[in-house]
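Undergrad: Sharing a structure with you now.
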Amino acid sequence: MPFISVSDEVIKKSLTAVENKFITKYLPILEPMAVKVYLYALYIYQNGMSSMTIDDLAANLGIAKEQAINYFEYLEEFELVSISSLAPFEIKILEADNNYGTPKKFNPEKYSDFTKNIQNIIKGRMISTNEFRDYFCLLEDYGFEQNALLMIINYCVNLKGDDIRSAYIKKVAKNFAEEGITTVGKVDEKLASYTSSTPSLLKIFTAVGIRRQPDVEDDVMYKKWTRELGFNDEAVIAAAKLFKVKSVEKLDGVLYELYKNKKFDVIEIADYCKNRNSVYELTLNIAKNMGIYIQNPTPYVENYVNTWCNYGFSADSLLLLSAYCFKHENNSFEDMNRLISSLYEGGNVSDSCVEEFIAQKNYEDKVIKSIHEACGLTRKIIAWDRECLSRWKNWNFSDEMILEAAKISVGKSNPIAYMNGVLSSWKSDGIYSPENISIAKSPSAPDRTSSVERAEIERHYAELRHAAESRADEAMKKAMSDSVYAELRRKINSLNIRLAFAEIHDKAEADNISKNISTLEMKADNRLSEIGIDKSALSPKYSCPICNDTGYTSTGEPCKCMAEFIKTLKM
């Protein structure tokens with residue numbers, strides 16, 4: 001009778017296949033829990049449990065997620081698995097009978113003193129052969145001096161106690177090795193540096209409520225907070241208390257959020273924490289005012305509203321501007337951002353400035369609506385109307401004179417363009433009051449000798465402008481339909497907002513942002529080339545760069561291109 005047999009019922013059941021080489025070659029030398037992790041991973045794969053994660057595996061085996069990852073790292077050293085991703089955590093199971101999978105062999109005599117010293121440090125338990133193998137690998141693979149590694153082991157034991165697992169020691173040692181700290185001198189210097197920050201970490205831990213001794217990883221975090229991000233101990237402790245964080249990882253996230261929002265002082269942090277919820281509520285109200293629904297306000301807070309608040313705009317001003325944007329069909333955060341950036345660049349940030357801006361825009365829209373009614377137009381107000389009104393105001397015409405020009409333009413094929421001609425003619429003749437209109441030359445011609453119908457000129461320039469702007473719009477739509485280019489433009493726009501703020505508060509950061517923008521602009525230009533779009537096509541190419549196909553210069557004089565066009569009509 002054979003040594004082992006199975007019942008018929010077992011034969012009928014589903015099975016998990018294991019390579020014989022794993023049993024003969026690896027099973028005798030692997031740590032018991034590593035064997036469990038490996039077999040369970042095989043079971044998950046072979047039974048098609050694709051929805052299971054590293055958390056599920058750890059829970060089913062009764063170990064922590066970090067322990068499970070450490071065991072996979074251990075199996076990776078034997079080339080039984082390959083870790084292909086850390087976030088999310090993913091592995092690939094390799095062939096057990098591979099050329100490189102044979103466990104490394106070490107000469108026991110070479111490390112006899114080293115092994116005795118380790119056992120003297122870890123007195124509470126016997127060290128296994130496999131654990132010794134881990135330390136030998138650290139010596140040979142990472143180039144540690146024996147005494148340097150002993151110093152690290154001694155530090156870890158003093159921190160965690162005799163029951164410390166080798167996985168923790170390996171992790172600390174690898175962190176040292178990644179910084180090039182593998183000699184006695186460098187390890188001693190590193191540990192001395194760490195010790196100097198321990199008192200500060202203990203104060204922070206007390207504030208957070210962490211009941212353990214700080215370790216090397218905590219020291220790395222502390223140096224990041226104080227050296228890279230620029231927080232002092234008082235600010236870190238204030239952030240920990242105000243945000244009620246309970247772990248180093250969460251505290252790190254809070255400090256990075258404060259860093260992005262330029263809140264470093266204890267008072268600034270307290271104020272930010274107090275108003276943080278109100279900023280989220282403000283963001284939702286802005287979206288509501290613009291008639292849009294947002295499920296998660298966080299990205300809108302981080303990319304827009306926090307920046308606007310940092311510019312100095314109050315909540316009341318932002319709500320007014322969001323309502324204004326909705327009325328003018330600019331109902332998106334990107335549209336509102338363009339408006340706010342324009343106000344900020346012009347120094348119009350206070351509540352009174354915003355109210356004055358909105359009052360002025362509402363007044364201009366009322367005037368344009370009156371112009372439309374006077375010249376017989378029923379369409380919506382467009383950007384061209386606002387540009388024309390601004391130009392006419394710059395020519396020193398009153399609302400009354402502009403409305404008189406509108407009345408004269410009734411019935412024309414392009415009344416607004418015809419008004420340009422009327423007002424330009426009045427400007428040339430110095431006519432700025434209604435009582436002097438009767439002595440003005442007929443506006444039907446751009447100069448005193450022309451007999452060309454004004455409608456033909458109006459139609460000509462309207463068609464030129466429309467053609468140029470339509471080509472640019474089509475080119476932009478095509479470019480923005482490319483997801484890569486659209487994402488680059490979004491990043492550039494976001495950085496431009498940050499740049500405006502940084503130029504005032506942090507010159508070094510402004511320079512860094514400018515470099516990033518230049519890099520992204522180059523990438524965007526390259527992407528345009530890849531998709532076959534000339535960058536210049538994104539801006540209107542007017543046939544006349546002097547008047548931009550309006551027929552009139554910025555001073556209100558007829559452009560020389562108009563005279564040339566009239567000549568062609570006379571031929």
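The values are calculated or read from the model by the stated rules, or taken from the named source; none is laboratory data. In this text, all values refer to a predicted model and were calculated from it rather than measured experimentally. As a convention, Cβ positions derive from the backbone with ideal geometry for all residues, glycine included, and neighbour counts pool all protein chains shown.
Undergrad: Can you tell me how many residues in the stretch 204-218 are surrounded by 14 or more Cβ atoms within 10 Å (Cβ to Cβ) and either of a type in the set (S, T, N, Q) or without any contact (Cβ under 8 Å) to a residue 40 or more places away in the chain (or both)?
TA: Total satisfying the criteria: 5.
Undergrad: Hey, among the residues in the stretch 305-334 that are over 21 Å from TYR280 (Cβ atoms) and assigned to a helix (DSSP H, G or I), which one's modelled with the highest pLDDT?
TA: For the stretch 305-334, the residue satisfying everything is TYR324.
Undergrad: Name the single residue, out of those in the stretch 409-436 being part of a loop (DSSP other than H, G, I, E, B) and hydroxyl-bearing (Ser, Thr, Tyr), that is surrounded by the most Cβ atoms within 10 Å (Cβ to Cβ).
TA: Here the answer is SER409.
Undergrad: Also, I was wondering about something else. Inside the stretch 167-199, can you point out the residues that are acidic (Asp, Glu) and either within 14 Å of ASP215 (Cα to Cα) or touching a residue at least 12 places away in the same chain (Cβ under 8 Å) (or both)?
TA: ASP188
Undergrad: When the stretch 532-571 is examined, which residues are found to be closer than 30 Å to LEU495 by Cβ, surrounded by fewer than 16 Cβ atoms within 10 Å (Cβ to Cβ) and touching a helix residue (DSSP H, G or I) at 6+ places or on another chain (Cβ under 7 Å)?
TA: LYS535, SER539, LYS541
Undergrad: Continuing with this model, one more query. Could you run through the stretch 290-316 and say how many residues are of a type in the set (S, T, N, Q) and closer than 22 Å to LEU499 by Cβ?
TA: Within the stretch 290-316, residues that are of a type in the set (S, T, N, Q) and closer than 22 Å to LEU499 by Cβ number 4.
Undergrad: Looking only at residues in the stretch 132-150 that are among the aliphatic types (A, V, I, L, M) and in contact with a Leu (Cβ under 7 Å, 6 or more places away or on another chain), which one is farthest from GLY185 (Cα to Cα)?
TA: Among those that are among the aliphatic types (A, V, I, L, M) and in contact with a Leu (Cβ under 7 Å, 6 or more places away or on another chain), it is LEU138.
Undergrad: Looking at ALA287, ALA374, which one is over 22 Å from LEU499 (Cβ atoms), modelled with pLDDT of 85 or more and over 22 Å from the mean Cα position of the chain (by Cα)?
TA: Every option except ALA374 fails the conditions.
Undergrad: Report, by residue number, each residue of the stretch 305-362 that is within 22 Å of the chain's Cα centre (by Cα) and among the β-branched types (Val, Ile, Thr).
TA: Of everything in the stretch 305-362, those that are within 22 Å of the chain's Cα centre (by Cα) and among the β-branched types (Val, Ile, Thr) turn out to be VAL305, THR307, ILE340.
Undergrad: Another question about this same structure. Can you tell me which residues in the stretch 219-249 are crowded, with 20+ Cβ neighbours inside 10 Å and among the acidic types (Asp, Glu)?
TA: Passing the criteria: only ASP219.
Undergrad: Residue by residue through the stretch 172-223, note down the ones that are within 14 Å of LEU251 (Cβ to Cβ), of a type in the set (A, V, I, L, M) and not in a helix (DSSP H, G or I).
TA: ILE210
Undergrad: Among the listed residues ALA406, ALA374, identify the single one that is aliphatic (A, V, I, L, M), in a helix (DSSP H, G or I) and buried (at least 21 other Cβ atoms within 10 Å of the Cβ).
TA: Just a single option satisfies the conditions, and that option is ALA406.
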